[in-house]
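Readers should treat all values here as calculations from the given coordinates under stated rules, not as data from a laboratory. Predicted, not measured: the structure shown is a model, and the values here were computed from it. Here the Cβ positions follow ideal geometry from the backbone for every residue, glycine too, while neighbour counts run over all protein chains shown.
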Amino acid sequence: MDPSGDRTPPIDRVAQIRAEIEAARARVVGTLDALRFKADVPSRLADSVGTAASTFTTHLIDQLTSSESEGTLEDSITIPAPHDLDVAREYDRGAG
């Protein structure tokens, strides 16, 4: 008799335990894959920056092409004001 009080034949119990082990292994592999992904910050950052750059470039090209066709290219190009962080850096260097 099985000490756990289960009357399942030993061969079926072995198969059940093996299935439970395989299921646990699959969960552990999934967890490890998720941790590997989270730990790979440089790669994820590079992907994110690459995607943002590609989106920006596509958007810029679309705007420039549509401005060229409308004849308003000069009006569509603006020079951005310095970012607050850049101004703060200049101030820290003694320029302000």
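Taking K and R as +1 and D and E as -1, what net charge do the other residues with C-beta under 14 Å from the C-beta of residue 26 add up to? It would help to have the intermediate numbers written out before the result.
On the way: positive: 18, 25, 27; negative: 20, 22, 33.
Value of the local net charge: 0.
Give me the extension gain from residue 56 to residue 32: residue separation times 0.36 nm, minus the current Cα-Cα distance, reported in nm with one decimal. Show your work: numbers first, answer last.
Working: separation 24, 0.36 × 24 = 8.64 nm, distance 3.40 nm.
Gain on stretching residue 56 to residue 32: 5.2 nm.
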